[in-house]
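Trainee: This is the structure, below, for whatever I ask next.
Where a number appears in this text, it was derived from the coordinates with a stated rule and is not lab data. Quick caveat: nothing in here was measured; it's all calculated off a predicted structure. So basically every Cβ, Gly included, is an ideal-geometry build from the backbone, and we count neighbours across all protein chains shown.
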Amino acid sequence: MNSDKTANLPMHSTASKSSKSSPPLIIYVLGPPCAGKSTLCTTLVNKFNLDHFSIGDELRDLISSDTTGHAARIKSKLSVAELEDFATNVKAGTLAPSNVTPKYVKERIFPDGVVRLNLRILIDGFPRGMDRWETFKDSVKDIWQPDSSTWTLLLCVDRAVARQRFLSRGRAGDVFDKRFDDHKNSIDNIVAAMKQDGVNVVEIHPGPDRDWEDVLSFLHCIPGLHET
């Protein structure tokens, strides 16, 4: 993927360092399976004042028999049919209907339709389709709209490297291939839609050792992002 504005780092951005800040600070983290999204998010949470919202982890918690945390709060707001949709798709490793996941994301970020004070959040693994991005935007348009204070970190990784990591975790190769292909086929449209909405997209190419120092140095330019 190319960008008109390229930083002298293993990444490039569509925004300058002078982007004006305005709460809330929302940072999307996207990439194929085993690109290092969770590792990056853990690094950022340890460094900055950020809440880590992993859509995959929370949906697995949502369909469990012992739901906790945010998933437990949101579960009571979902219908039986919506919960069944989530259960079916999480177990199959497929996407839930395009109107269901955005509903969960909306309630997770903006509980009861309210923008929380000092909201600083990493959204790990959403959206996985342009239709979900558009549905989410439409559902929150009265309280929040993406702009130049919104960021997306896009992790890029070689397919063979990601596949080896996936298989080392004891997971099926055919599941990996489907998820990687789904990402490859959808990410350009997602990124194009986000850029159209003014979102800053930073493309990251982590090395084999996944050293995030260049990323951390670059992210200091984001207004509202402070070290803990």
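Trainee: On the principal axes of its Cα set, how long, how wide and how thick is segment 58-124? Give whole Å, largest value first.
Mentor: Taking the Cα atoms of segment 58-124, the three principal extents are 36, 24, 20 Å.
Trainee: Put +1 on the Cβ of each Lys and Arg and -1 on the Cβ of each Asp and Glu in the chain; which of Asn185, Leu50, Gly125 then has its Cα farthest toward the positive end of the dipole?
Mentor: Checking the options against the dipole of the chain, the answer is Leu50.
Trainee: I need to check one value: relative contact order of segment 19-118, counting alpha carbon pairs closer than 8 Å and at least 6 residues apart, in percent.
Mentor: So the answer I get is 23 percent.
Trainee: Taking 7 Å along the Cα-to-C-beta vector as the label spot, tell me the Asp57-His205 distance in nanometres, rounded to one decimal.
Mentor: Those two pseudo-labels are separated by 2.9 nm.
Trainee: Taking 1 over the mean of 1/r across every pair of different Cα atoms in the chain, what Kirkwood radius in Å do you get?
Mentor: Numbers: mean 1/r = 0.0550 Å⁻¹.
Evaluated over the chain, this radius sits at 18.2 Å.
Trainee: GNM on the chain, C-alpha springs below 10 Å: top fluctuator among Ala81, Ala192, Ala35?
Mentor: Ala81
Trainee: Still on this structure: For segment 158-228, state which trypsin sites (Lys or Arg not before Pro) are in a DSSP loop and have at most 11 other beta carbons lying within 10 Å of their beta carbon. Mind dumping the intermediate values first?
Mentor: Numbers: sites: Arg159, Arg163, Arg165, Arg169, Arg171, Lys178, Arg179, Lys184, Lys195, Arg210; in loops: Arg169, Arg171, Arg210.
Filter output for segment 158-228: Arg169.
Trainee: In which sequence would Ile74, Ile204 go, from the one with the fewest C-beta neighbours within 10 Å to the one with the most? Don't jump to the answer; show the numbers that get you there.
Mentor: Values: Ile74 19, Ile204 22.
Fewest to most other Cβ atoms nearby, the residues stand as Ile74, Ile204.
Trainee: Once the Cβ-Cβ distance between Asp147 and Asp66 is put in as r, and R0 is 35 Å, what FRET efficiency do you end up with, to the nearest 0.05? Working shown, then result.
Mentor: On the way: r = 39 Å, r/R0 = 1.11.
The computed FRET efficiency comes out at 0.35.
Trainee: Here is a further query. When the helix-only estimate is applied to the chain (DSSP H runs of n ≥ 4, each -39,500 (n - 2.57), divided by the residue count), what is the mean residue ellipticity at 222 nm, nearest 500 deg cm²/dmol?
Mentor: Numbers: 9 runs with 100 residues, N = 228.
Rounded to the nearest 500, the figure is -13500 deg cm²/dmol.
Trainee: Before anything else, pin down the relative contact order of segment 125-228: Cα pairs under 8 Å, at least 6 apart, normalised by residue count, whole percent. Please report the intermediate quantities before stating the final value.
Mentor: Working: 74 pairs, mean separation 41.3, N = 104.
After rounding, I find 40 percent.
Trainee: Follow-up. How high is the relative contact order of the chain, in percent, counting Cα pairs under 8 Å that sit 6 or more residues apart?
Mentor: 36 percent
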